[in-house]
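Right, one structure below, let's go through it.
The values are calculated or read from the model by the stated rules, or taken from the named source; none is laboratory data. Note that the structure is predicted; figures quoted are calculated from it, not measured. Backbone-built Cβ (ideal geometry, glycine too); neighbour counts: all protein chains shown.
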Amino acid sequence: MVDQPAFKFIDLFAGIGGFHAVMKAFGGECVYAIEIDKAAAAVYDANWGLHGGESALGDITQDADDEQGVMNVPPHDVLCAGFPCQPFSKSGAQRGMDEARGTLFYNIASIIKAHHPKVVLLENVRNLIGPRHEHEWHVIIKTLRQEGYHVSYKPAIFSPHLLPEHLGGTPQVRERVFITATYAPYRVPREADGSIAEMETGPAPVADMARRFPREPDSDGLFDPGHPDHGWDLDKLLDDSHNIDGCTLTASERLWIDAWDEFKTMMYDRTGEHLKGFPYWADSWRDFPQVENLVRRNLPRPERDGATGHYLPLGDMPRKWMPSRVTRPRIDPDLPEWRKSHLRRNYDAFEAHWEDILAWAYRWGVYTDLFPASRRKLEWQAQDTKRLWDTIMHLRPSGIRAKRATYVPALVAITQTTIVGTRERRMSPRETARLQGLPDSFIFPNQRDAATYKQLGNGVAIGAVQHIFREHLLRDAQILANYAEDNVKSPNGLPYDPDGVGQRLAEAASTTPAQVQEFLQNHVPAALNGLADSEG
């Protein structure tokens, strides 16, 4: 006999199931999930399964639209959605459902209007609260309040790297906006005339980026994510192997890193200081007229070692290639200040060490077609790290960015998959899944790594979601537990919570991060155990 779930939830824009993992860990049962991407839905089905063997594959605009209503969406207690942000129309003072029409938030709002779940948990990129989306933010909060929800006008912003490991954190800077709301019509702020107070702050947001957490359970010391001794150690998440299929570096990539690694070491030997925190632009050194002429002579290319596929640096630079002096170029006063600042600092570095830098550029063929423009730039953000190969790197259109090997930036497309210098390879799909908090038992059956990276980059971080959900339940526990006592009614006038689910949600707040982690460690993919989600 299956125990009664604490609550029922739906999973909109479900991806591969990050929300599902958290809701199940808190005692919930998934009664509906929908994801339009075929590959992501297949991963969702393989890991979580749905009642009756149904698939998560579907289109929310078909299941919840203006014409057909929301008949395909069953009643539920918690609504989860990591929805895309789209521009809303602007229809003057109306602000509400009409302005969201035609967007994916409108489909979410239609479901909320039809079912009034007890808790709404929405996640979006941080740009949702930027100046370009101020109107969208206003409409979202206004719409929720019109439907009777106790919701903060101030966003909850959080990243999993702020949480230590024992609280479910992972070493990934992934700042996201969360909107958490509880059905409580009597708590909605109103103006003197009874209208909704659109911009009233309301309850405090359930999280912010300034909060710090105990370093260890029952510890007085606070966790500092970037501390060299007590912060994140990315190595703990990585496999030891230097050779993982699909993660190896090309000969060209190794050439670029080897070259800039030597540059970093050379500059430290000459100055006794680590590189400064500005982009080192090899192309800016070509502004010096003597270097411009040097480049026109087409410096030789490094040779390639046929046995290893690695490029070998040339020998020392012949004296005939070396100019006798360099002349500092003039900086265009009409350039933006940031660019003038970068140029000044690059010119200073080159003027002080031009002979060493030109010899280095010759050795590695920096001014040949082996180095595209984006690889002739190093963005050093690794402070006192000794070598480039000791950092984590991203090959960006703007250059090679190097950071200390503590935590990684938010996961993005495969073209910028993190390179782990100490492993001399890219981070693997499995390691990337760990950054999102997924257990090693989580499967990505029958798909290319590119699809896995994409799905992980589009997903939610489990540690952040469990923290946000738990903090929300703690904040609104009294509201949830007292629906009957407060005589809260459904829009149809009937008692809102006759089955006492609100009380069970309030009690679910006692679920600890350790219990969530234990649930994840015991995860068995639905495709392997043959059990539907409601039976697992």
Point to revise | Enumeration of residues in the range 198-240 that are at pLDDT 90 or above and hydroxyl-bearing (Ser, Thr, Tyr) | key: 201
Check your understanding: Do the conditions hold for residue 23, that is, is it under 22 Å from residue 462 (Cβ atoms) and out of contact with any Ser or Thr (no Cβ under 9 Å at 6 or more places or on another chain)?
Key -> yes
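Yes/no matrix, rows are residues, columns are (1) under 25 Å from residue 383 (Cα atoms); (2) in the same structural domain as residue 351 (by TED's automatic domain parsing); (3) touching a strand residue (DSSP E or B) at 6+ places or on another chain (Cβ under 6 Å); (4) not in a loop (DSSP other than H, G, I, E, B):
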site: 194; (1), (2), (3), (4): no, no, no, no
site: 201; (1), (2), (3), (4): no, no, no, no
site: 204; (1), (2), (3), (4): no, no, no, no
site: 209; (1), (2), (3), (4): yes, no, yes, no
site: 231; (1), (2), (3), (4): yes, no, no, no
site: 256; (1), (2), (3), (4): yes, yes, no, yes
site: 267; (1), (2), (3), (4): yes, yes, no, yes
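Which one is farthest from the chain's Cα centre (by Cα) among residues in the range 131-189 that are of a type in the set (Phe, Trp, Tyr) and surrounded by fewer than 22 Cβ atoms within 10 Å (Cβ to Cβ)? If you could, list the steps in order and put the result at the bottom.
At the first step, the residues of the range 131-189 found to be of a type in the set (Phe, Trp, Tyr) are 137, 149, 153, 158, 178, 183, 186.
Cutting the leftovers down to surrounded by fewer than 22 Cβ atoms within 10 Å (Cβ to Cβ) gives us 137, 153, 186.
Working: 137: 20, 153: 23, 186: 36 Å.
Looking at residues that are of a type in the set (Phe, Trp, Tyr) and surrounded by fewer than 22 Cβ atoms within 10 Å (Cβ to Cβ), I get 186.
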Study note, to complete from the structure: Among residues of the range 372-390 being among the hydrophobic types (A, V, I, L, M, F, W, C) and out of contact with any Lys or Arg (no Cβ under 9 Å at 6 or more places or on another chain), the residue farthest from residue 421 (Cα to Cα) is 373
Study note, to complete from the structure: Among the residues of the range 1-34, the number that are under 18 Å from residue 525 (Cβ atoms) and of a type in the set (A, V, I, L, M) is 7
Review point. Which members of the range 383-416 meet the condition of being farther than 14 Å from residue 256 by Cβ, buried (at least 19 other Cβ atoms within 10 Å of the Cβ), in contact (Cβ under 8 Å) with a residue 60 or more places away in the chain and not β-branched (Val, Ile, Thr)?
Key: 405, 407, 411
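Among what's in the range 277-326 and is among the small types (Gly, Ala, Ser) and crowded, with 17+ Cβ neighbours inside 10 Å, pick the residue that is farthest from residue 341 (Cα to Cα).
Of the range 277-326, the ones among the small types (Gly, Ala, Ser) are 277, 282, 284, 306-307, 309, 315, 324.
Retained after the next criterion (residues that are crowded, with 17+ Cβ neighbours inside 10 Å): 282, 284.
Working: 282: 15, 284: 12 Å.
The selected residue is 282.
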Check your understanding: If you go through the range 146-165 one residue at a time, do you hit one that is free of Cβ contacts under 8 Å to residues at least 60 places away in the same chain and basic (Lys, Arg)?
Key -> yes
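If we scan the range 25-47, do we find a residue that is closer than 25 Å to residue 138 by Cβ, at pLDDT 85 or above and not in a loop (DSSP other than H, G, I, E, B)?
We begin by selecting, within the range 25-47, every residue closer than 25 Å to residue 138 by Cβ; these are none.
No; the residues of the range 25-47 include none that is closer than 25 Å to residue 138 by Cβ, at pLDDT 85 or above and not in a loop (DSSP other than H, G, I, E, B).
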Review point. Of everything in the range 34-54 that's over 20 Å from residue 84 (Cα atoms) and among the charged types (D, E, K, R), which residue is surrounded by the fewest Cβ atoms within 10 Å (Cβ to Cβ)?
Key: 54
Study note, to complete from the structure: Over the range 457-481, the set of residues surrounded by fewer than 21 Cβ atoms within 10 Å (Cβ to Cβ) and at pLDDT below 95 is 457, 458
